[in-house]
1. Net charge near GLU177: determine it from the other residues with C-beta under 13 Å of the C-beta of GLU177, scoring Lys and Arg +1 and Asp and Glu -1.
2. For a 24 Å ceiling on Cα separation, which of these pairs sit above it: LYS36/LYS118; LYS54/LYS380; LYS53/LYS317; LYS36/LYS364; LYS317/LYS380; LYS118/LYS299?
Amino acid sequence: MEGCSKTSAGAASGLPDDPLVEILSRVPAKSICRFKCVSKAWRDLIADPDHRKKLRQAMQGLFVQTPEVSEADNTILDRTNFSFVDLTVGSMPLDIDPCFSFLPEMTGIEIYFLDSCKGLLLFAQHQEPSHGSGGYIVCNPTTRQWSPVLACDTRLALNHTYLAFDPAVSSHFQLVEFQMHYWEDGVVSLHVYSSETGTWSQNQIDDQREQGHLEGWHHQFTLDTVHHQCAFVNGFLHLIVWGSDIQHILAVDVQGKARRMITVPLPDMTDGRHGDAFVCYLGQSQGHLHCMTLESDNKKLSTWVLQDYDTQEWVLKNTMCTLDVFGEREMPDFQVVDIHQDCNVVFIFHQLSHELIAYNMDRKEASVIATIEDHKFRPKFARYIPYFSESPALTNKY
């Protein structure tokens, strides 16, 4: 039997490689990393390029985007720089291009981070007025594949676009675009792009209105334009929205249909005891939706996990006193960048010191992992999780 004699790792476990890899493909990425230390045979099995495409990968770093500053007068230019913060501590070589030089250079066009999802990155293309409206680029930094997406045909001034991708379900991705007239207005239009069809959908809000699905949600709520992170969990996009001066979490499927409103984890908000707190971050970690709330004086950061999706049971995972992390400052100026995909670590960027800090919630320890160059505006970050399979949805390759 040819498959039974492929490698010693399968023999060591009493199984041929193919079923063993199939089993490992269902194991969390954190466990996969640990299994590499079992033996040389296990390490070789997991590192095999063919097997690696089937296994879940751990978060390896953060891409960073910063504005380019003029050396002459220290002003912000309409250009950006890209860099990378490695979280693997040299555990494996990273064969990536942090500057994305494999993407095409187009005159008068700059690209900006919008979103990342399970190994793919979404960029917005910003074009000078004389070049017309911009579009999008979806790319895989690991395989250096990319594909352009034309902008949705709309005259609305404002939009927020998010990426939905789950390789366990499909090799294709979706873009979900929310459109508004002004910042304070509700969402008036919602369109979905499918890489499988290569087209944008009609306004999904009109369709849902006709079907009586979550009737009127788009008029009652507006997107949070300050903390507009999106978490893709269990096939749903989760976004922070405002309604009647109260934050909620909106769950939308990959067809753009609003499915439910989730109460934010402030159980005592109605009696005023937590009226000065707000949601500052939304993300996915270890398969669960995570939410972080911050008091208005920036001195207390709480991390919550949605343990039960059906009953909306939030569990308080950690509370951090920001003064202990950033020192005796009256009002620390920082932003929550991301949460680690595989462990209880939060990444925070401190605006005054320009330091990227990793805060371990289990050990309640903070450490500086990078210093971002001095600039006037906050940098943007994008999570990097290797995705080694080439996708038919990405049509170009460097």
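Every read-out reported here was derived from the displayed coordinates using simple, explicitly stated rules and does not represent laboratory data. Bear in mind that the values here come from a model prediction, so they are computed numbers and not experimental data. Positions of Cβ are generated from backbone atoms using ideal geometry, with glycine treated the same way; all protein chains shown enter the neighbour counts.
1. Working: positive: none; negative: ASP115, ASP153.
Net local charge, GLU177 excluded: -2.
2. Exceeds cut-off: LYS54/LYS380; LYS53/LYS317; LYS36/LYS364; LYS317/LYS380; LYS118/LYS299.
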